[in-house]
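Each remark here refers to the structure printed beneath this line.
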Amino acid sequence: MENKKELILNKEWCKGCWICVEFCPKQVLDMKDGKCQIVNLEDCIYCQLCEIRCPDNAIYIKIVGGNDHD
């Protein structure tokens, strides 16, 4: 069974720096009211550039399922 990936965003931790938005190669993210928003989740390739670049750890990729040990 293949692992499923989820894009998780903690808006409370987001300081609105735009870094994740600027690094996303698929324009999955945008800013609204000074906070990051997921706007095109279906286009996400889970490259983790947003996760790697976010200075506040407000966004990350979560791996779910795939084996009997989860």
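The values are calculated or read from the model by the stated rules, or taken from the named source; none is laboratory data. Here the structure is a predicted model, which means the values were calculated and not measured. Quick note on the areas: whole protein, heavy atoms, side chains included, nothing else; ligands and nucleic acids left out. Shrake-Rupley method; radii C 1.70, N 1.55, O 1.52, S 1.80 Å.
Below are the figures for this structure:
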read-out: Solvent-accessible area per residue, Å², over the chain with all protein chains present [probe radius 1.4 Å]; value: 73
read-out: Built amide H within the under 5 Å cut-off of Ile59, gap 5+; value: Asn10
read-out: Heavy-atom accessible surface of the chain: percent carbon and sulfur, 1.4 Å; value: 48
read-out: Isotropically averaged projected area of the chain, using the convex hull of Cα atoms (one quarter of hull area), nm²; value: 4.9
